[in-house]
Amino acid sequence: MDELLCSAEVPGVDGFLFDLGVSSPQLDIPGRGFSYNEDAPLDMRMDPGNNTLNAAEVINTYNEHDLARILRVYGEEKFASQIAREIVRRREHEPIETTGQFVEIIKAGIPAAARRHGGHPAKKSFQAIRIEVNHELDVLERGLDAATRWLNPGGRICVISYHSLEDRIVKNHFKEMSQGCTCPPEIPVCVCGNVPILKVITRKPLVAQPDEVARNPRARSAKIRVAQRL
Ligand SMILES: [Zn+2]
């Protein structure tokens, strides 16, 4: 953001809209390993030109504890430790290289009774690995920091998130930036010197009404938060 705005010689910005939804056309590119519905190499990098780990490297090299944490935290997967154990067990025999192999492992890690309801059993684990591969949460925090710096007074940041972890990051960023003084209450005079730079416009996030969800099911998990630069 810094680079683009500097090179375009933009002095300041009146509004930012972050739509954290993953671009469907990007996920639909065959052969990149985003989809559990096709068999492809486990890549999942949004930007394959970047010198970062791909999904296969994460799955084959992270230890069981880290894999379980990623699946639990980023995927909100209830059976994270069972799936992580299954990954480690399988990769001792052969490397896990394709989405098809990964789907099989996930299914083996989830008890049969739990596999019968809810969406595709691999959905949460695929999301978790994708977030890890692309450092999606770090990128969001850096993006919010940069946007806050670039805002003109009175300008607004609006963020649409689809995932509770992302929403929490947005909420905390807005809270921190709108708080000002963080001195302990027993100190009579402020020594931290922090001043609020954002005002939170949405105390609670805005969500889609039932008729919108009926027209567009993907809106179900969407939450909007808005803050204004002071
Ligand atoms: Zn203070």
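Rule-based calculations on the coordinates, nothing more; no lab input. Keep in mind the model is a prediction, meaning the values are calculated, not measured. Here Cβ is always computed from backbone atoms with ideal geometry, including for glycine, and neighbour counts include all displayed protein chains.
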Conditions (1) within 19 Å of PHE18 (Cα to Cα); (2) exposed (fewer than 15 other Cβ atoms within 10 Å of the Cβ): number failed by VAL170: (2)
Where a residue in region 190-207 is in contact (Cβ under 8 Å) with a residue 24 or more places away in the chain and its partner, wherever it lies, is in a loop (DSSP other than H, G, I, E, B) and more than 11 Å from the ligand (Cβ to nearest atom), with Cβ under 7 Å and at least six apart: PRO196/LEU230; ILE197/LEU230; LEU198/LEU230; LYS199/LEU230
Residue tally, condition surrounded by 10 or more Cβ atoms within 10 Å (Cβ to Cβ), farther than 28 Å from PRO205 by Cα and more than 7 Å from the ligand (Cβ to nearest atom), over region 173-191: 1
When residues of region 207-217 are limited to those that are aliphatic (A, V, I, L, M) and part of a helix (DSSP H, G or I), the one nearest to the ligand (Cβ to nearest atom): VAL213
Residues of region 1-48 classified as acidic (Asp, Glu) and part of a loop (DSSP other than H, G, I, E, B), total: 6
Hits in region 192-206 (condition: within 9 Å of the ligand (Cβ to nearest atom) and surrounded by 11 or more Cβ atoms within 10 Å (Cβ to Cβ)): CYS192, ASN194
